[in-house]
1. Taking region 204-231 as the search range and keeping residues that are within 18 Å of the chain's Cα centre (by Cα) and over 13 Å from residue 29 (Cβ atoms), which one is surrounded by the most Cβ atoms within 10 Å (Cβ to Cβ)?
2. Mind listing whichever residues of region 183-196 are outside any helix (DSSP H, G or I) and either farther than 18 Å from residue 127 by Cα or in contact with a strand residue (DSSP E or B) (Cβ under 6 Å, 6 or more places away or on another chain) (or both)?
3. Could you please find all residues in region 135-156 being touching a strand residue (DSSP E or B) at 6+ places or on another chain (Cβ under 9 Å), crowded, with 21+ Cβ neighbours inside 10 Å and at pLDDT below 95?
4. Determine whether residue 39 is surrounded by 20 or more Cβ atoms within 10 Å (Cβ to Cβ), touching a strand residue (DSSP E or B) at 6+ places or on another chain (Cβ under 7 Å) and at pLDDT below 95.
5. Scan region 206-227 and report the pairs whose first residue is on the phi > 0 side of the Ramachandran plot and whose second residue is surrounded by 14 or more Cβ atoms within 10 Å (Cβ to Cβ) and at pLDDT 95 or above, with Cβ atoms within less than 8 Å and a gap of 6+ or a chain change.
6. In a helix (DSSP H, G or I) and either closer than 25 Å to residue 29 by Cβ or out of contact with any helix residue (DSSP H, G or I) (no Cβ under 6 Å at 6 or more places or on another chain) (or both): which single residue out of 180, 159 fits that description?
7. Kindly establish whether residue 159 is surrounded by fewer than 13 Cβ atoms within 10 Å (Cβ to Cβ), over 24 Å from residue 82 (Cα atoms) and more than 18 Å from the chain's Cα centre (by Cα).
8. In the set 97, 53, 104, 117, which member is in contact with a helix residue (DSSP H, G or I) (Cβ under 8 Å, 6 or more places away or on another chain), at negative phi and surrounded by fewer than 20 Cβ atoms within 10 Å (Cβ to Cβ)?
């Protein structure tokens, strides 16, 4: 196992294992990386860096000795995965279990099917759903049935994170709250309640990005860093 991919520390919650993002500054913002046993939510407008961060976490988990369950609704670029993985591309590709749902119900089925693989033999050490809310946006109805699907998916993911003590990373598209004039993740309170860590990503002038910690169990909310997306990922 690559030591640089895993960070272990003790706090009020006991011993906590963190998965490195692959970026020292982002790790510092997150207190070491993404935490196991919980859901981490990344949200932001298109091009803000959500998928890049997911791919960096995928590489980190695999170099740490795990496999990754990656549910992709955005059409992730294999070329981009190769750029970020570099000389480890073959290893990362072989150990990433990609699945692509075609609607919200299929997304629920694939999440459930993937979680059934979580045992000692599968070695899955990270679940990523990028994006959890794309089909939610596409299928919104007046009766709100799509919220039931989203609730079910979050329940499955949260139970998996806790039962198997692994990190779960989800991304969300956003909408503009006209009343408050803020950018919010789709899914509303159910999404924000399920996630213990929430990171907002923004595009800012000069081709840079900004990561702001919106929610965390013990770190200062509102802390932020600026970063750049390069061929190798986030720097």
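1. That would be 229.
2. 183, 184, 185, 186, 187, 188, 195
3. Pass one, region 135-156, residues touching a strand residue (DSSP E or B) at 6+ places or on another chain (Cβ under 9 Å): 136-137, 153-154.
In the following step, the residues that additionally are crowded, with 21+ Cβ neighbours inside 10 Å were identified as 136, 153-154.
Once the filter is applied, which keeps residues that are touching a strand residue (DSSP E or B) at 6+ places or on another chain (Cβ under 9 Å), crowded, with 21+ Cβ neighbours inside 10 Å and at pLDDT below 95, region 135-156 yields only 136.
4. Numbers: surrounded by 20 or more Cβ atoms within 10 Å (Cβ to Cβ): yes; touching a strand residue (DSSP E or B) at 6+ places or on another chain (Cβ under 7 Å): yes; at pLDDT below 95: no.
Against the criterion (surrounded by 20 or more Cβ atoms within 10 Å (Cβ to Cβ), touching a strand residue (DSSP E or B) at 6+ places or on another chain (Cβ under 7 Å) and at pLDDT below 95), residue 39 does not qualify.
5. Partner pairs satisfying both residue conditions: 222/212; 222/213; 222/214.
6. Values: 180 fails: in a helix (DSSP H, G or I).
Criteria check complete, one pass: 159.
7. Values: surrounded by fewer than 13 Cβ atoms within 10 Å (Cβ to Cβ): yes; over 24 Å from residue 82 (Cα atoms): yes; more than 18 Å from the chain's Cα centre (by Cα): no.
For residue 159, the condition - surrounded by fewer than 13 Cβ atoms within 10 Å (Cβ to Cβ), over 24 Å from residue 82 (Cα atoms) and more than 18 Å from the chain's Cα centre (by Cα) - is not met.
8. Values: 53 fails: surrounded by fewer than 20 Cβ atoms within 10 Å (Cβ to Cβ); 104 fails: surrounded by fewer than 20 Cβ atoms within 10 Å (Cβ to Cβ); 117 fails: in contact with a helix residue (DSSP H, G or I) (Cβ under 8 Å, 6 or more places away or on another chain).
Unique residue meeting the criteria: 97.
The values are calculated or read from the model by the stated rules, or taken from the named source; none is laboratory data. What you see is a predicted model; the values in this text were computed from it and never measured. No Cβ is skipped: glycine too gets one built from the backbone with ideal geometry, and neighbour counts run over all protein chains shown.
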